[in-house]
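Report on one structure; see the data block that follows.
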Protein chains: 4
Amino acid sequence: MARIRLGMVGGGNDAFIGGVHRIASRIDDRFDLIAGALSSTPEKSAASAEALGIPRSYGSFEEMAEAEAAREDGIEAVSIVTPNYVHAAAAKAFLAKGIHVICDKPLTSTLEDAEALESAVAEADALFILTHNYTGYPMIRQARAMIEAGDLGDIRIVQAEYPQDWLTAPMENEGVKQAEWRTDPARSGAGGSVGDIGTHAHNLACFVSGLQVESIAADLQSWGAGRKLDDNAHMMLRFAGGARGMLWSSQVAPGNENALKLRVYGEKGGLEWSQEDPNYLWFTPLGEPKRLITRNGAGASEASQSVSRIPGGHPEGYLEGFATIYNEAADAIRAVQGGASRESAMGVLPGIAAGMDGMRFINACVTSSANDAAWTKL
Amino acid sequence: MARIRLGMVGGGNDAFIGGVHRIASRIDDRFDLIAGALSSTPEKSAASAEALGIPRSYGSFEEMAEAEAAREDGIEAVSIVTPNYVHAAAAKAFLAKGIHVICDKPLTSTLEDAEALESAVAEADALFILTHNYTGYPMIRQARAMIEAGDLGDIRIVQAEYPQDWLTAPMENEGVKQAEWRTDPARSGAGGSVGDIGTHAHNLACFVSGLQVESIAADLQSWGAGRKLDDNAHMMLRFAGGARGMLWSSQVAPGNENALKLRVYGEKGGLEWSQEDPNYLWFTPLGEPKRLITRNGAGASEASQSVSRIPGGHPEGYLEGFATIYNEAADAIRAVQGGASRESAMGVLPGIAAGMDGMRFINACVTSSANDAAWTKL
Amino acid sequence: MARIRLGMVGGGNDAFIGGVHRIASRIDDRFDLIAGALSSTPEKSAASAEALGIPRSYGSFEEMAEAEAAREDGIEAVSIVTPNYVHAAAAKAFLAKGIHVICDKPLTSTLEDAEALESAVAEADALFILTHNYTGYPMIRQARAMIEAGDLGDIRIVQAEYPQDWLTAPMENEGVKQAEWRTDPARSGAGGSVGDIGTHAHNLACFVSGLQVESIAADLQSWGAGRKLDDNAHMMLRFAGGARGMLWSSQVAPGNENALKLRVYGEKGGLEWSQEDPNYLWFTPLGEPKRLITRNGAGASEASQSVSRIPGGHPEGYLEGFATIYNEAADAIRAVQGGASRESAMGVLPGIAAGMDGMRFINACVTSSANDAAWTKL
Amino acid sequence: MARIRLGMVGGGNDAFIGGVHRIASRIDDRFDLIAGALSSTPEKSAASAEALGIPRSYGSFEEMAEAEAAREDGIEAVSIVTPNYVHAAAAKAFLAKGIHVICDKPLTSTLEDAEALESAVAEADALFILTHNYTGYPMIRQARAMIEAGDLGDIRIVQAEYPQDWLTAPMENEGVKQAEWRTDPARSGAGGSVGDIGTHAHNLACFVSGLQVESIAADLQSWGAGRKLDDNAHMMLRFAGGARGMLWSSQVAPGNENALKLRVYGEKGGLEWSQEDPNYLWFTPLGEPKRLITRNGAGASEASQSVSRIPGGHPEGYLEGFATIYNEAADAIRAVQGGASRESAMGVLPGIAAGMDGMRFINACVTSSANDAAWTKL
């Protein structure tokens, strides 16, 4: 099948996440990155494009959407990897032209932006895919499938956490660019750690358990001197249907790099998974010894094997999980181009609904915390 | 030094915790167990005493307190290992006679009982020691000492959890005696998991961090059909001085045996410890690689070495941690017999204050949960 | 049942292993330690005995054997915890008086001594028990039982290792007493690491697999400057029946405390166990996920539960494994006193045969290494 | 920099390793795969090429070498990913045309072939790179750099192992293609497990320690019924300079997927690394606690950071390590095209010398084992 012609907005210079998207788009060889508006100025964009071997560079995403839509060989899809506050405008520009959008998370920096984008997606003749990349990990897929199949019985408890330590010291005052925009409400939105990483934990908890969070009691804190956004957040969760949970997000917990961890317990068993060791899934059927299920190993099911590339014991990592989102995005794009409905084409891919859930999660956290941790509906 | 003459109340038959106390009292050879009121009837008590080689058996603790106090070679101390609701009365009986009390936790089954006992302790001419045994683990001692020495800087976040799985199915309806009394409010008190194991996590969080919990927002649940007490509890914590925390206790999380875990984070570093692997303490000085400190290994400090018995790499376990409480109780008893003040004799040993903290913790959990998780002062 | 009257030879001062034996003898309350010849002089012995609360002290083991045998209330059994070169003479003195012997390993310092002791045991009217304490770990018992039951099918491969690091630097030249005698051929025998810890790994490999080592190819080295005995040894093993194995013992591998590890593989599955985390046994049935079997947890069998004291998730350690040897020694002594045959009384307890196997193992290692690692029969 | 024009020999159908090379060549975007002779027949090759979107397909590698060398836009480099016995002929064909060769390991199936290829490489005007991919793991690079920098002092002991379990049952008799050729001497060469995976462990031991194996004592076994090549091998190693080691390779150890593990001990410290958890490197400076160094985390040095793509705590895996070999191959090719010497261009990339070492290792293993494990020079 021909590769999909891809453009990119953002991701110039030394931006971390742009490079990740580019590698992820190459791993399964489904995309050709041929156009970009990579930086905030035409000059910087052109320099980045040349350095990356991207043939067509534009001065702005508006210009790019216009020009590419007009070409016969224009891009079919675009990756948006800018800071959060640019997501909505950029996505709407491409959707309006029927160009499929692959957008980094969280959806936007404000709920208003998010709602406007939601409308745009509903009206668009194109797909909107949100890269909640952790859903691409094979053992996450297997965990979801096991719960769906009833291996845990009714779900009672969900424990999610995502601690990091990179903001323990006030890095934003020391010229670290990542730290600057991620702690700036104008560019990141109302959530600090809850927006940046709490959304990942929330998304994963729902994706795996198959449950929706109904209300949240949240206690947000800022430990960095003068920091405006939360860098540590404690939450209690109530899920629709009755399950309960806890969620911890932190950027100030020394000894944690990207220690996203999910534990789900039901009446018949329990599952545990850790992002830093993603090829392992621990499964305890009640009353039996704990089992270590490995990616593509004995015990791996179709759900994980179908998104694995190499044999068990040869670890896949973050980039492969991310690549699965791109690979499935390619499938989905080709499917709708072939006439499939958007819903059927999306499959388990995270889209606008997951994005809206994330925005409501951030807002509920901030609101609850402002109300002394009162239970707040999403 | 001569061994201390010890009696025991409760602990007959196949009671789990009585046997633990007896082994703990023998390991360091500081006690002779010579008297008991081990069961609910004189006949059962006598049978248990004979089976255990305990020379003097009594029909009740009242009788035992009376008789032993009258003997020249009577017991100097007594271990109380009954279900919670008996603790207060038994302890008061011995304290009134000047016999030192070593009592299992939680302190009592009601706050009223606890307050009465508190008064009795204050007036008594004897020590009251509460076996919060996890404080006896060497690496817990080291963690406490490191925090006290400032190795973590100001403490910001405390994460404590104690999940088990033994009540996932309704064992109390299947004739399991342990499950029966631990799920019965009349014998256990108002707290289920929060009383039985949440108190351990709370105690350890405070013991190690050196902080006091000021208020709690708690969400208690009962998953077992018809169960009257909580078997799963989610809590957010606010400590005096500003630190924040979370606490999870559960008896319905399949795959967890006694998975008590404590993590403490400060501005300069983090510590992690797990009861199931107690000889290890993970320490991350901010900006440096994580270090695995082992009991009696390189990196072990005086605080842990002084309560270790064997070389590093030869694991000590639960019984040795428990024995340390007994060993220090022996030191304390000899010290007050030699004229030391009760306070100086107790050292870091948990006593009535820790017990009252635990009772207030249980009550705050139950009250908060009844008020939709409103913040509740301890 | 009445406690067994016990004496001890060696174990004065700060000797490590004597204290271990004493604790182990107390844990299950089967022994009263009432007599000792604890040190090399009557004065030191008496001082140690008094400090330990042992009522009768002797100036030598010969004197003690004589005197205790003559008393009606004399010791029934004796623990020998001296350096290796004293084992044979002491053991023979007590065996000759019909006093049961519990002896530390390795059996003796020379094969000649061992053979003389073997004869003495054969002729004695008393039991000889060798404290290969690692055989007392519950999960080792379970591993042995699983292999005996055929859970692994025919055994093909045995991987054993026991690395330490305490002799990496030349401690024996720095006044460390343990290091002095353990590196001195006159007091330890022909084997350094192979005698001190290689024998443990060899014993455990055979105990668990149910196989006997038939021949060894060994490459022994001394890394410590001027050290006369091996401190690192590499071995390849051939077992009777065809299985093969490797064994590594080391005292110079930085980062290893007492990292005894055993892995056994058969045609139907594999088992893995590590002494530093002894409550876990990893079992992989071929073609299924790895299972984590825990002591007294789900999956624990009678073989491990019968030698466990406390619930799963509450770790037992080195001292409890050691105590199991003492507990079973008490059973065995009472059994032969009651008329049972010595063989039936011993059960799985290690005795003179295990000791002779260990001596032959040491000699084969030394001989093979001297012959450029030629295969050498045991 | 322009991408390198790449061809591929082998790797059609569902061959495992061909797909790995293709992904590895894409991850860092340094190659365009534009030509292939992917299968044993022109028809199959063409079908595979079309399915993979490779524009030019050839019926044989000879034809491809001829035709591509004649084109101005012909391939600059070729990846050889056939079964072992084809490596030598294919590599020589391309080297003779000045086309750089990236070849899978082991070098060839016979020592004769290897020597002929060695000559061809010496005379060629092109680079020869052998994909000992495990050398591309960041923490392996760091381990090598730490040892080179003297962090461990003089190296004493190297423990290497590579157990798998996929041949525990006789898969080659059940139609598994991978199992068929890997157990066939005509296609694999004289070594079974020692050739397939023992060479990886040997290569890594030398790469990291900076030492060369001087002689080997090997005990090779075949456990699979009727299997002609070894599937389990025990080895003792003597390194030039005096260090000693052990090496275990196995394909019949249930519970092991690709459990390559390396441990190196020197007079000042120890290092441990496991391929299944490749983002971690354990370092113990003698007398200090063990440190967990993570890829791109605190403690990561330039040696590992320079071959890392994403932040610490976001795991990289097997494919990224493999991609580093391709990335450095691209650097090397551009360097020699720019006039650099072959030696300087290669840097730490494994080449013909590493390949010859591997062949001598296989031969020494087979020879030693045939001589009852006599020490055999490489």
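What residue, of C:LEU247, C:LEU229, C:LEU211, is buried (at least 20 other Cβ atoms within 10 Å of the Cβ) and either assigned to a strand (DSSP E or B) or in contact with a Leu (Cβ under 6 Å, 6 or more places away or on another chain) (or both)? Give the steps one after another, and end with the answer.
On the way: C:LEU229 fails: either assigned to a strand (DSSP E or B) or in contact with a Leu (Cβ under 6 Å, 6 or more places away or on another chain) (or both); C:LEU211 fails: either assigned to a strand (DSSP E or B) or in contact with a Leu (Cβ under 6 Å, 6 or more places away or on another chain) (or both).
Just one listed residue meets the conditions, C:LEU247.
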Among the residues of region B:214-226, write down those that are surrounded by fewer than 24 Cβ atoms within 10 Å (Cβ to Cβ) and either of a type in the set (Ser, Thr, Tyr) or touching a residue at least 60 places away in the same chain (Cβ under 8 Å) (or both).
-> B:GLU214, B:SER215, B:ASP219, B:SER222
With respect to B:THR168, is the statement that it is over 20 Å from the mean Cα position of the chain (by Cα), of a type in the set (S, T, N, Q) and crowded, with 24+ Cβ neighbours inside 10 Å true?
-> yes
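Select from region D:1-22 the residues that are assigned to a helix (DSSP H, G or I) and not charged (D, E, K, R) and write down the one among them that is surrounded by the fewest Cβ atoms within 10 Å (Cβ to Cβ). Spell out how you get there, then give the answer.
We begin by selecting, within region D:1-22, every residue assigned to a helix (DSSP H, G or I); these are D:16-22.
When the remaining residues are screened for being not charged (D, E, K, R), the result is D:16-21.
Numbers: D:PHE16: 14, D:ILE17: 20, D:GLY18: 24, D:GLY19: 17, D:VAL20: 23, D:HIS21: 27.
Here the answer is D:PHE16.
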Reported set for region B:20-39 where residues are facing another protein chain (nearest Cβ under 8 Å) and either modelled with pLDDT under 95 or farther than 19 Å from C:PRO315 by Cα (or both) is B:ASP29
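Can you tell me which residue is nearest to the other protein chains (Cβ to nearest Cβ) among those in region D:250-290 that are among the basic types (Lys, Arg) and buried (at least 20 other Cβ atoms within 10 Å of the Cβ)? Give the steps one after another, and end with the answer.
So in region D:250-290, the residues among the basic types (Lys, Arg) come out as D:261, D:263, D:268, D:290.
Add one more test, that the residue is buried (at least 20 other Cβ atoms within 10 Å of the Cβ), and what stays is D:263, D:290.
Working: D:ARG263: 8, D:LYS290: 4 Å.
Here the answer is D:LYS290.
Tally the residues that are among the acidic types (Asp, Glu) and surrounded by fewer than 19 Cβ atoms within 10 Å (Cβ to Cβ), restricting the search to region B:291-330. Break it down into steps so the answer makes sense when it comes.
Within region B:291-330, the first condition is being among the acidic types (Asp, Glu), and the residues that meet it are B:302, B:316, B:320, B:328.
This time we only want the ones that are surrounded by fewer than 19 Cβ atoms within 10 Å (Cβ to Cβ), so: B:302.
Matching residues across region B:291-330 total 1.
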Could you check D:ASP196 against (1) surrounded by fewer than 24 Cβ atoms within 10 Å (Cβ to Cβ); (2) in contact (Cβ under 8 Å) with a residue 24 or more places away in the chain; (3) acidic (Asp, Glu) and say which number it fails?
-> (1)
If you go through region B:174-188 one residue at a time, do you hit one that is within 17 Å of the chain's Cα centre (by Cα), in a strand (DSSP E or B) and either among the acidic types (Asp, Glu) or within 29 Å of B:PHE322 (Cα to Cα) (or both)?
-> no
Failed condition for B:ALA201, given (1) within 26 Å of B:LEU117 (Cβ to Cβ); (2) within 14 Å of chain A (Cβ to nearest Cβ); (3) surrounded by fewer than 20 Cβ atoms within 10 Å (Cβ to Cβ) | (3)
Would you check if there is a residue in region C:51-65 being within 13 Å of another protein chain (Cβ to nearest Cβ) and over 30 Å from C:SER308 (Cα atoms)?
-> yes
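Determine whether C:ASP331 is farther than 28 Å from C:MET246 by Cα and in a helix (DSSP H, G or I). Give the derivation first.
Working: farther than 28 Å from C:MET246 by Cα: yes; in a helix (DSSP H, G or I): yes.
It is true that C:ASP331 is farther than 28 Å from C:MET246 by Cα and in a helix (DSSP H, G or I).
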Condition check for A:VAL348: of a type outside the set (D, E, K, R), in contact (Cβ under 8 Å) with a residue 24 or more places away in the chain, in a loop (DSSP other than H, G, I, E, B) and not assigned by TED's automatic domain parsing to the domain that holds A:GLY191 | yes
Reported set for region D:311-363 where residues are among the β-branched types (Val, Ile, Thr) and within 28 Å of D:GLU115 (Cβ to Cβ) is D:ILE325, D:ILE333, D:VAL336, D:VAL348, D:ILE352, D:ILE362
Looking at region B:109-126, which of its residues are surrounded by fewer than 21 Cβ atoms within 10 Å (Cβ to Cβ) and acidic (Asp, Glu)?
-> B:GLU112, B:GLU115, B:GLU118, B:GLU123, B:ASP125
Residue match in region B:141-151 (condition: touching a strand residue (DSSP E or B) at 6+ places or on another chain (Cβ under 6 Å), buried (at least 24 other Cβ atoms within 10 Å of the Cβ) and among the small types (Gly, Ala, Ser)) | yes
Does region B:193-216 contain at least one residue that is at pLDDT below 90 and assigned by TED's automatic domain parsing to the domain that holds B:VAL252?
-> no
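Can you tell which of B:ASP165, B:ASP151 is over 22 Å from B:ALA259 (Cα atoms), part of a loop (DSSP other than H, G, I, E, B) and at pLDDT 95 or above?
Numbers: B:ASP165 fails: over 22 Å from B:ALA259 (Cα atoms).
Going through B:ASP165, B:ASP151 in turn, the sole match is B:ASP151.
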Using the structure shown, decide if C:PHE283 is of a type in the set (Phe, Trp, Tyr) and under 30 Å from C:ALA364 (Cα atoms).
-> no
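Select from region A:318-333 the residues that are within 7 Å of another protein chain (Cβ to nearest Cβ) and either under 26 Å from C:PHE283 (Cα atoms) or acidic (Asp, Glu) (or both) and list them in ascending order.
Going residue by residue through region A:318-333, those that are within 7 Å of another protein chain (Cβ to nearest Cβ) are A:318-320.
Selection gives A:GLU320 alone.
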Is it fair to say C:HIS314 is within 12 Å of chain B (Cβ to nearest Cβ) and at pLDDT 95 or above?
-> yes
How many residues are within 8 Å of another protein chain (Cβ to nearest Cβ) and of a type in the set (Ser, Thr, Tyr) when one looks only at region D:231-249?
-> 0
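The values are calculated or read from the model by the stated rules, or taken from the named source; none is laboratory data. Bear in mind that the values here come from a model prediction, so they are computed numbers and not experimental data. Note: ideal-geometry Cβ built from the backbone for every residue, glycine included; neighbour counts use all protein chains shown.
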